[in-house]
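Everything below concerns the one structure shown next.
The values are calculated or read from the model by the stated rules, or taken from the named source; none is laboratory data. It should be emphasised that the depicted structure is a prediction, and the values quoted were computed from it without experimental measurement. All Cβ positions, glycine included, derive from the backbone under ideal geometry; neighbour counts span all protein chains shown. SASA here: full protein model, heavy atoms, side chains in, ligands and nucleic acids out. Shrake-Rupley method; radii C 1.70, N 1.55, O 1.52, S 1.80 Å.
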Amino acid sequence: VQLVESGGGLVQAGGSLRLSCAASGSVFSINSMGWYRQAPGKEREVVALISIGGITNYSDFVKGRFTISMDNAKNTVYLQMNSLKPEDTAVYYCYSENYYSMDYWGQGTQVTVSS
């Protein structure tokens, strides 16, 4: 499975961005997809996950602000980010897991929120 992210950039605090991640390759084996992020000097952390069946999970720090969704026909997962804060600044990575518990990662896209 190959994952390609797009949609990162620079935005002011309070603004919005939408990240996209298109999957290709053995997409039939994908069980779930999602987003992680890594800020400078910090460990990578989960942001939001969504199963093929549409079940979502969010980390507490994004609940009410971010929305994850998936277009199964396009093999694409989205992350709508609203009310962005400077502490949301990080490299955001697309993630997928297949039915064999194998993980795949995108190359990452930078999100910078200015105060």
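General remarks:
- Hits in the stretch 1-11 - residues which are in a strand (DSSP E or B) and either farther than 28 Å from E87 by Cβ or in contact with a helix residue (DSSP H, G or I) (Cβ under 6 Å, 6 or more places away or on another chain) (or both): Q2
- Residue count for the stretch 5-51, restricted to those that are among the β-branched types (V, I, T) and under 11 Å from the mean Cα position of the chain (by Cα): 3
- Checked against the criterion of being β-branched (V, I, T), at negative phi and open to solvent by 40 Å² or more (accessible area, probe 1.4 Å), the candidates T67, T89 yield just one match: T67.
- Subset of the stretch 12-64 [modelled with pLDDT of 95 or more, open to solvent by 40 Å² or more (accessible area, probe 1.4 Å) and part of a strand (DSSP E or B)]: Q12, R18, A22, Y36, Q38, E45, V46, L49, T56, N57, Y58
- Against the criterion of being touching a Lys or Arg at 6+ places or on another chain (Cβ under 8 Å) and over 18 Å from S29 (Cβ atoms), N82 qualifies.
- In the stretch 85-105, the condition of being free of Cβ contacts under 8 Å to residues at least 24 places away in the same chain, touching a strand residue (DSSP E or B) at 6+ places or on another chain (Cβ under 7 Å) and farther than 13 Å from V1 by Cβ is met by no residue.
- Tallying residues that are among the β-branched types (V, I, T) and outside any strand (DSSP E or B) within the stretch 81-97 yields 1.
- Criterion (at pLDDT below 95, surrounded by fewer than 21 Cβ atoms within 10 Å (Cβ to Cβ) and outside any helix (DSSP H, G or I)) met by exactly one of Y104, Y78, Y100: Y100
- Condition met for Q2 (under 18 Å from W105 (Cβ atoms) and not β-branched (V, I, T)): yes
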